[in-house]
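J.: Take this structure first; my questions come after.
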Amino acid sequence: MDWINLAVTLIKIVVLTFMVLLPMIAYSVWAERRVAAKIQNRVGPNRTGIPFTKWGLAGLGQPIADGLKFIFKEDFTPAHVRTGFFWLAPALTMVPALMTCAVIPFGSELNIAGYKIPLVIANLNVGPLFIFAIASLSVYGIVLAGWASNSKYSFLGGVRSTSQMISYEISLGLSIVPIVMIFGELNLTEIVKWQDSNGWLLLPFWGEGPLLPKVILLVPVLISFLIFTVSMFAETNRLPFDLPECETELVAGYHTEYSSMKFALFFLGEYAAMIIGSGLAVTLFLGGWSLPGGIGSDLVDKPLWLGIAHFFCFLIKMIGFILLFIWVRWSLPRFRYDQLMRLGWVFFFEIALANVLLTALILIYFK
Amino acid sequence: MAIVVKRPKLTFGEKIYLSSIAKGMLITMGHFWRALLGKGTVTMQYPEEKWDENLPEYYRGAPALVTDEQDRERCVACQLCEFICPPRAITILPEEIPSEDEWAKVEKRPRKFEIDMSRCIYCGFCQEVCPEQAIFLRKDYAITGTSRAEMVHDKDKLYEIGGVREGLVNKWNELK
């Protein structure tokens, strides 16, 4: 039995990280470019399709071509860098981003021949904490890249990234506290199950339980959601908070000196963090894999089709959230550095704290 | 004298950005849907669609030499274009026109006239400086070649591209 469990876990790791997450990273780059083009009244990459044919497939081959290009490019290490740290840094941004995918529940469970396989790699009972702990490690990659590159732009990018990530980690963590108080649970699978039967946290209009407290709880939940999303943008270095690599001031920030696959690892790590962030937001606020309207939530033994529907429901929600990331990136200008710090420390920190208190009062009053 | 810049007074709604963020996001969303439905996109799909019919009068493409109505090459090899050419793309080797020639009084003509199209920046200075109206910028822009030597337009090629141009100043023509 142990061997079977081990084999199933290994298969889940391979399938979920390398066949779900990595293609999603690649295609979110494609989506980013296409959506950006549409927003700016352009066309975007629409030709790279099947080689040696006329089929462009709306440019769906572009990520594969990009990947091949990165692999075959010269891997150049400048003479003025600290080679060891320089080589370590890209891995340190990529690895934590991929590791966090272990606790995200991609679906409920697949019922294959009576054997139930939960679609989560590690069913930890500290889900969000694990994600925050590991995801904050990726700042080491950026800082090491900044230091080891031994150039002023990389250095400034690294410094900015450190202070930004530390500031927003606090409001990110605090914005989760009210949610955790409502669920009374830190296991992401249990959180999604709760939402499956009680209605999604942001759309609590179906499921068990009286409606009134759920609607009143919507106020702190909305505040939490706003703070969580904005902090997520800052945490993943996306515009409007992409100060560590802002092109107009710092060339490319911490990865100025990087090329070929090492640059690609930074790039992939950034997108992986974005996808995991969307996954976490969907899991916490939008009901994870649960279907809208609470369809199939009363079934104890979930048939195979329901498991598959749950999996795709989660993917669709996640893609919607990624599109939000992209949409914001191509709409808003970059914040100034002091504005960013002010927003983090003066506004979000206090609002998140007050929100915890508000949630506590509501919970005491209704239970 | 120092000037005190008056900062605009923002209302609370403007200070928390949210309304302006929503407004901006709606604008980009509008552009996105319009482009998705195929409206508003101005990109030209290059090899299939070309701009050729809409090239403006003043478009500066490849430079070329022209002959006049009498089938005389207009260039007198004064080398002004060679001297003014910023990337030094033009090379001229002048020669004397033999005295028995009909146009002997013009005195000089180019034996060799080469424009290296891999250097040319299409600035149009050669056309501007030419006292004989002998060199013109055409509308050709897709100049390709598989080697550096192929990218050099020699005299024959330049006259072939340029062709005959009528109605120019005819200062060497005795009849006028």
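Read the figures in this text as sums done on the coordinates, not as results from a lab. Quick caveat, the model's predicted, so the values are computed rather than measured. As a convention, Cβ positions derive from the backbone with ideal geometry for all residues, glycine included, and neighbour counts pool all protein chains shown.
J.: Kindly identify the stretch A:285-367 as rounded, prolate or oblate by the Cα gyration tensor criterion: order the square roots of the eigenvalues as a ≥ b ≥ c, call it rounded if a/c is under 1.5, otherwise compare a/b with b/c, prolate if a/b is larger, else oblate.
T.: oblate
J.: Still on this structure, I have one more. Among A:Leu119, A:Leu268, A:Leu203, determine the one that fluctuates most according to a GNM of chain A built with springs between C-alpha atoms less than 10 Å apart.
T.: Per the Cα network of chain A with a 10 Å cutoff, A:Leu203 tops the list.
J.: Based only on other Cβ atoms within 10 Å, what is the fewest-to-most ordering of A:Val35, A:Val8?
T.: Starting with the residue having the fewest Cβ neighbours, the order is A:Val8, A:Val35.
J.: If you don't mind, there's one more thing I want to ask. With both bridge residues required to lie in the protein assembly as shown, what share of the DSSP beta bridges run antiparallel, to the nearest 5%?
T.: 95 percent
J.: Rounded to the nearest 20 debye, what is the charge dipole size of the stretch B:54-172 about its Cα centre when +1 sits on each Lys and Arg Cβ and -1 on each Asp and Glu Cβ?
T.: Charge dipole, the stretch B:54-172, about its Cα centre: 480 debye, nearest 20.
J.: If you don't mind, there's one more thing I want to ask. Got a sec to turn the phi values of the stretch B:9-26 into Karplus ³J(HN,Hα) couplings, 6.51 cos²θ - 1.76 cosθ + 1.60 with θ = phi - 60°, whole Hz, x for Gly and Pro?
T.: 6, 9, 6, 4, x, 6, 5, 8, 6, 4, 5, 5, 4, 4, 4, x, 5, 5
J.: Taking just the C-alpha trace of the stretch B:54-172, give me its Rg and Dmax in Å.
T.: Expressed in Å, the Cα Rg and Dmax of the stretch B:54-172 come to 14.2, 47.
J.: Could I ask something else about it? With an 8 Å Cα cut-off and a minimum separation of 6 or more residues, compute the relative contact order for the stretch A:72-366 in percent.
T.: Computed over the stretch A:72-366, the figure is 28 percent.
J.: While we're here: Whole-Hz Karplus ³J(HN,Hα) for the stretch A:175-186, in order, using 6.51 cos²θ - 1.76 cosθ + 1.60 and θ = phi - 60°, x for Gly and Pro?
T.: In residue order, the calculated couplings are 5, 7, 4, x, 4, 5, 5, 5, 6, x, 6, 10 Hz.
J.: Please report, for the Cα atoms of the stretch A:72-366, the Rg to one decimal and the Dmax as a whole number; what are they, in angstrom?
T.: 20.4, 66
J.: Under 30 Å Cα-Cα from B:Lys171, which lysines qualify once same-chain neighbours fewer than 8 residues away are excluded?
T.: Partners found: B:Lys105, B:Lys108, B:Lys112, B:Lys139, B:Lys155, B:Lys157.
J.: Okay, next question. How many Å³ per residue does the convex hull of the Cα positions in the stretch A:152-240 occupy?
T.: 101 Å³
J.: Moving on to the next point. Binning at 10 Å from 0, report for the stretch A:225-324 what percent of all alpha-carbon pair distances ends up in each bin.
T.: 14, 35, 26, 16, 8, 2
J.: Moving on. Across the stretch B:151-168, in residue order, what do the Karplus-derived ³J(HN,Hα) couplings come to in whole Hz, using 6.51 cos²θ - 1.76 cosθ + 1.60 with θ = phi - 60° and x for Gly and Pro?
T.: Rounded to whole hertz, the list is 7, 8, 8, 8, 4, 4, 4, 5, 6, 5, 5, x, x, 9, 10, 9, x, 8.
J.: Which value at 222 nm does chain A reach when only helices count, each DSSP H run of 4 or more adding -39,500 (n - 2.57), with the total divided by all residues and rounded to the nearest 500 deg cm²/dmol?
T.: -20500 deg cm²/dmol
J.: Follow-up. How much net charge surrounds B:Ala64 when only the other residues with a Cβ under 11 Å from the Cβ of B:Ala64 are counted, with Lys and Arg +1 and Asp and Glu -1?
T.: +3
J.: In whole Å, what is the distance between the alpha-carbon centres of the stretch B:1-74 and the stretch B:76-117?
T.: 42 Å
J.: With unit charges on the beta carbons (Lys and Arg positive, Asp and Glu negative) and the dipole taken about the Cα centre of the protein assembly as shown, which residue among A:Leu68, A:Ile308, A:Gly56 sits farthest to the positive side?
T.: My answer, from the dipole projection, is A:Ile308.
J.: Let me ask something else about it. If Lys and Arg each add +1 and Asp and Glu each add -1, what is the summed charge of the other residues whose beta carbon sits under 15 Å from the beta carbon of B:Met151?
T.: Net charge in that neighbourhood comes out at -1.
J.: Still on this model: Which value results for Rg/Rh of the protein assembly as shown when Rg is the Cα radius of gyration and Rh the Kirkwood radius based on the inverse mean 1/r?
T.: Over the Cα atoms of the protein assembly as shown, Rg/Rh equals 1.15.
J.: Could you tell me the center-to-center distance, by alpha carbons, between the stretch A:299-362 and the stretch A:67-102 in angstrom?
T.: Computed from Cα coordinates, the inter-centre distance equals 28 Å.
J.: Given the DSSP H assignment, sum -39500 (n - 2.57) over each helix run of at least 4 residues in chain B and divide by its residue total; what's the result at 222 nm in deg cm²/dmol, nearest 500?
T.: That comes out to -6500 deg cm²/dmol.
J.: May I have the convex hull volume per residue, in Å³, for the Cα set of the stretch A:18-125?
T.: In the stretch A:18-125, the Cα convex hull volume per residue is 211 Å³.
J.: Sticking with this structure for a sec: Under 12 Å from the Cβ of A:Lys152, count the other residues' Cβ atoms, weight Lys and Arg +1, Asp and Glu -1, and hand me the total.
T.: Net of charged neighbours comes to -2.
J.: Let me know the whole percent of all Cα-Cα pairs from the stretch B:5-57 that are separated by more than 14 Å.
T.: 73 percent
J.: Next question, about the same structure. Quick check for me: using +1 on Lys/Arg Cβ and -1 on Asp/Glu Cβ, what's the dipole size of the stretch A:72-366 about its Cα centre, in debye to the nearest 20?
T.: 260 debye
J.: A further question follows. With +1 on the Cβ of every Lys and Arg and -1 on the Cβ of every Asp and Glu, and nothing else charged, how large is the dipole of the protein assembly as shown about its Cα centre, in debye rounded to the nearest 20?
T.: Roughly 1580 debye for the protein assembly as shown.
J.: Which lysines, on any chain, are close to A:Lys38 with Cα under 27 Å apart, when same-chain ones fewer than 8 places away are left out?
T.: Candidates past the 8-residue exclusion: A:Lys54, A:Lys69, A:Lys317, B:Lys23, B:Lys39, B:Lys50.
J.: Can you sort A:Thr100, B:Thr91 so the residue with the fewest Cβ neighbours within 10 Å comes first?
T.: Least to most surrounded, the residues fall as B:Thr91, A:Thr100.
J.: Amide H of B:Arg119: which non-local residues (sequence gap of 5 or more, or other chain) have their own amide H closer than 5 Å, using H built in the peptide plane?
T.: none
J.: Towards the positive end of the charge dipole of the protein assembly as shown, with charges on Cβ (+1 Lys, Arg; -1 Asp, Glu), say which of B:Tyr59, A:Val221, A:Phe263 has the farthest Cα.
T.: Farthest towards the positive end: A:Val221.
J.: Could you pull out every residue, at least 5 positions away or on a different chain, whose amide H is within less than 5 Å of the one on A:Leu110? Hs are placed 1.01 Å off N in the peptide plane, and Pro or chain starts have none.
T.: Distant-sequence amide H within range of A:Leu110: A:Ile117, A:Leu119.
J.: Among A:Phe85, A:Leu363, B:Phe32, which residue has its Cα furthest toward the positive end of the charge dipole of the protein assembly as shown, with +1 on Lys/Arg Cβ and -1 on Asp/Glu Cβ?
T.: About the Cα centre, the residue reaching furthest to the positive side is A:Leu363.
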